[in-house]
Amino acid sequence: GAVVSQHPSRVICKSGTSVKIECRSLDFQATTMFWYRQFPKQSLMLMATSNEGSKATYEQGVEKDKFLINHASLTLSTLTVTSAHPEDSSFYICSARVTSGEKYNEQFFGPGTRLTVL
Amino acid sequence: QKEVEQNSGPLSVPEGAIASLNCTYSDRGSQSFFWYRQYSGKSPELIMFIYSNGDKEDGRFTAQLNKASQYVSLLIRDSQPSDSATYLCAVRIWNQGGKLIFGQGTELSVKP
């Protein structure tokens, strides 16, 4: 149990285009999901906290108009990188926190999306 | 001072030895502590978590927490080459919306 999926796993796009990444909790409901970014040889940096039915909370330095987050249901959050540029190339990982049941409060990660902007 | 600090390593141990990974945190409001393992190119996977002072054992893994010293560690007994990965310490701070704050990770290499 507590499986998180992400789609796509890998995307290559041209500079200036927008890319949408989906994060789904497959076997549990997640009122809160988190979006992280990881550059090579670095740790995970939290970008934003996504709450179902409300606006996301962005970390300092993260542009909310560039990284659009929508958490429309208890099992789906999306991150849209708008007008992507090469410096946005990174490994984007979502995570969902279990809010009930045996794995209450544990946080599980999706497999990640590797974005390359040409 | 970073909120969560780990030695970046690499930490190299021979197969069968005990690997000891350490983590310190700065926020005394931290309440939950997690260890994740991350293989190259993959996302983190949860190894174990600890909430209370003392030791918590799960198979070959033991997490140790000392809130007074703001210190959490992970011991891996009988280390195997398949344990070679980056180990991430994470701290949950409830007065910051319950988000996980990660350390920079310690790279572990287990030599056959």
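Computed from the coordinates by the stated procedures, all read-outs in this text should not be read as laboratory data. Fair warning: this is a prediction, and the values are worked out from it, not measured in the lab. Cβ sites come from the backbone with ideal geometry, for glycine too, and all protein chains shown count toward neighbours.
Per-structure values
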{"item": "Stokes-Einstein D for region A:41-85, Kirkwood Rh over Cα pairs, 20 °C, 1.002 mPa s (µm²/s)", "result": "188 µm²/s"}
{"item": "Paired Rg and Dmax values of region A:1-82, which use every Cα atom, in angstrom", "result": "12.9, 38"}
{"item": "Whole-angstrom gap from region A:1-78 to region B:40-112, using each part's C-alpha centre", "result": "23 Å"}
{"item": "For region B:29-46, Karplus couplings with θ = phi - 60° (6.51, -1.76, 1.60), whole Hz, Gly/Pro x", "result": "x, 5, 10, 10, 9, 10, 10, 10, 10, 10, 7, 4, x, 10, 8, x, 10, 6"}
{"item": "Residues with amide H under 5 Å from that of residue B:23, placed H, sequence gap 5 or more", "result": "B:72"}
{"item": "Inter-part distance where region A:87-118 and region B:17-38 are each reduced to a Cα centre, Å", "result": "19 Å"}
{"item": "Amide H partners (placed H, <5 Å) of residue B:93, local residues excluded", "result": "B:98, B:99, B:101"}
{"item": "3J(HN,Hα) from dihedral phi, region B:52-61, Karplus parametrisation 6.51/-1.76/1.60, rounded to Hz, x for glycine, proline", "result": "10, 4, x, 10, 9, 10, 8, x, 7, 9"}
{"item": "Label point distance in nm, residue B:39-residue A:15, each placed 7 Å from Cα along Cα→Cβ", "result": "3.6 nm"}
{"item": "Given A:64/A:103; A:41/B:99; A:20/B:99; A:103/B:67; A:14/A:64, the pairs whose alpha carbons are separated by over 29 Å", "result": "A:64/A:103"}
{"item": "Cysteines (scope the protein assembly as shown) whose Cβ has no counterpart Cys Cβ under 4.7 Å", "result": "A:13"}
{"item": "Rg(Cα) / (2.2 N^0.38 Å) computed for the protein assembly as shown, rounded to two decimals", "result": "1.02"}
{"item": "Isotropic mean projected area of the C-alpha convex hull, region B:1-108 (nm²)", "result": "6.6 nm²"}
{"item": "Relative exposure of A:39, A:109, judged by other C-beta atoms within 10 Å (fewest first)", "result": "A:39, A:109"}
{"item": "Sorted by Cβ density within 10 Å, fewest first, the residues A:95, B:43, B:20", "result": "B:20, B:43, A:95"}
{"item": "Value in Å of the Kirkwood radius, where region A:30-118 supplies the Cα pairs that are averaged", "result": "13.6 Å"}
{"item": "Residues A:41, B:67, sorted so that the one with the fewest Cβ neighbours within 10 Å comes first", "result": "A:41, B:67"}
{"item": "Shielding of A:90-102 by partner chains, average beta-carbon count, 10 Å", "result": "1"}
